[in-house]
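Notes to accompany the following structure.
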Amino acid sequence: MPEKNELMEKVVSLCKRRGFIFPSSEIYGGIGGFWDYGPFGVELKRNVREAWWQDMVQGHDDTTIPPGMPSAYAMVGLETSIVMHPRVWKASGHYDLFHDMLVDCRRCKARFRADQLETSQCPEKPSKRPGEHTNCDLTEPREFNLMFKTYIGALVDPESEAYLRPETAQGMFTNFKNVLATARVKLPFGIAQIGKSFRNEITPRNFTYRSREFEQMEIEFFCRPEESRRWYEYWRDRRLRWYVSLGLASERVRLREHAAEELSHYSCGTADIEYAFPFLPEGEFGELEGVAHRGGFDLRSHMEGKLVRRGEDLVVETGPDGKPRHPGSGKDLSYFDEETKERLIPHVVEPSAGVDRSVLAFICEAYSEDAIPDESGVLQPRVVLKLHPRLAPVKVAVFPLIRKEGMPEAALGLYRELKKRWNVDYDDKGSIGRRYRRQDELGTPYCITVDGQTMEDGTVTVRNRDTTVQDRMPLREIAQFLHERLTAA
Ligand code: ATP
């Protein structure tokens, strides 16, 4: 296996070479912090989203709820708009608070995140850290809001300012009443959404890890306040298990509970699920997902207005005139509990995951190198993506051994049958060894070859990506075999 620092380079190069991820607008030199997913990347990304939706939303498993808690809950999906009313971001606090501190160099015009000066490089040669060249001229750290601004309609004036959402969460809070009224859900229940978010990151880096346009998979789980701490623990542990179930090695993925001073002012618990990405130094981990206990902060903000902490309490921030500085909607977002006849503001637990960071972690984890014998028995190095079958972009590849004697027809027949259910590749070019290798690099779990014997007894060979073992199997059993290995995996 390659060394950690070498591994990242190899992953980036495989992603480019095999059509997983390309720099956006590459023919114009690329654009920092934006990425395109190629033919195989798009399938992998869809599989990540679908696994999440299947496991968290449609088919979610209530049997893992700890005893002493409600034994079931509803989970519904939502897809909300990227541009929302600008007041949403004022009431939520993003307008005032969603910023990083940035430092500019007046001389070379480079921009750095104030908290990353130690690990950044000045563009001047020889390479040094910002501020270390005698002629560096750094500004004091200044606030920089990460929300992308745009204008609605024809006029470019402050009245028409709007923002691209920096998270999908707010659309779920602003629709809380709509969901209650239409989905007939009772506490506890969750709302889930997958969608694009945008952050004008000062220093996008580490491939797709820190991008300016990215995708999130978020859940807002609403529950009674007295149960919220336990639901937080439930989601924190469940989300960690999800990554492991899809192949992340447990020694490279971990939970990190935030210390009290790291917590947002409204939270009584936050944990990051982190992965030992290969671009990080040995022993360091990067965030894959944040699981936050958010109390009643969000629903209250959208009712009353932007909240600030005063002592132990959250109060509406007021301006010099005594009125809310950023008023909420004024709508009642409380919940009436039919059983206890009580009106309350539900508490929220928010597991917020990044699709792109998950895809990157799954690729890094799956990347491996070994050596296997070629047709003449000589060991040849190979690159293989050992992706979980649910995530693999191509599930199975079908090959005719040679392009004659009825083999292409039989192979095409099988290909057409299988592709009704899965993403299947058909390949009749090059030696069988080369074809296997191509599929290994894409992470295809099985390759099926139609050969001379198929014509005689109706059997084909099925080759396993990880073991490279080939088994003979009747053609008519193939679909069932794949169903068991792929769908039920
Ligand atoms: P970081 O500290 O790395 O900037 P964050 O704590 O700001 O992340 P959250 O606001 O908790 O991130 O967002 C939830 C998830 O969205 C993150 O765990 C990550 O997977 C994803 N995410 C956030 N920012 C980016 C980004 N710039 N590029 C790609 N994914 C991102």
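The values are calculated or read from the model by the stated rules, or taken from the named source; none is laboratory data. The structure displayed is predicted, hence computed values, not measured ones. Glycine gets a Cβ as well: all are built from the backbone with ideal geometry, and neighbour counts include every protein chain shown.
Structural remarks
- Contact map, region 109-124: first residue in contact (Cβ under 8 Å) with a residue 60 or more places away in the chain, second residue among the β-branched types (Val, Ile, Thr) and part of a loop (DSSP other than H, G, I, E, B), Cβ cut-off under 8 Å, separation 6 or more or different chains; pairs are 111/202; 111/203; 112/202; 112/203; 113/202; 113/203; 116/203; 120/203.
- Residue within region 352-372 that is at pLDDT 95 or above and under 18 Å from residue 295 (Cα atoms) present: yes
- Residue match in region 236-247 (condition: under 30 Å from residue 83 (Cα atoms) and crowded, with 18+ Cβ neighbours inside 10 Å): yes
- Residues in region 132-164 that are touching a helix residue (DSSP H, G or I) at 6+ places or on another chain (Cβ under 7 Å) and in a loop (DSSP other than H, G, I, E, B) were compared, and the one that is farthest from the ligand (Cβ to nearest atom) is 153.
- Output for region 360-373, where each listed residue is under 25 Å from residue 19 (Cα atoms) and more than 10 Å from the ligand (Cβ to nearest atom): 362, 363, 364, 365, 366, 367, 368, 369, 370, 371, 372
- Out of 290, 296, 319, 269, sole residue that is surrounded by 12 or more Cβ atoms within 10 Å (Cβ to Cβ) and over 25 Å from the mean Cα position of the chain (by Cα): 296
- All positions within region 121-157 that are of a type in the set (Ser, Thr, Tyr) and within 21 Å of residue 96 (Cβ to Cβ): 150, 151
- Some residue of region 212-235 being in contact with a helix residue (DSSP H, G or I) (Cβ under 6 Å, 6 or more places away or on another chain), within 13 Å of the ligand (Cβ to nearest atom) and farther than 30 Å from residue 345 by Cα: yes
- Residues in region 335-351 that are over 23 Å from residue 270 (Cβ atoms) and surrounded by 15 or more Cβ atoms within 10 Å (Cβ to Cβ): 335 only.
- Listed by position, the strands (runs of 3 or more DSSP E) contained in region 385-489 that have at least 2 residues being crowded, with 20+ Cβ neighbours inside 10 Å are 396-400, 424-426, 446-450, 459-464.
- When the strands (runs of 3 or more DSSP E) confined to region 1-98 are screened for residues that are without any contact (Cβ under 8 Å) to a residue 24 or more places away in the chain, those reaching at least 1 such residues are found at 21-23, 35-37.
- Condition check for residue 199: more than 24 Å from the chain's Cα centre (by Cα), assigned by TED's automatic domain parsing to the domain that holds residue 93 and either touching a residue at least 24 places away in the same chain (Cβ under 8 Å) or within 10 Å of the ligand (Cβ to nearest atom) (or both): no
- Residue in region 255-263 that is at pLDDT below 95, buried (at least 19 other Cβ atoms within 10 Å of the Cβ) and away from the ligand (no atom under 13 Å from the Cβ) present: no
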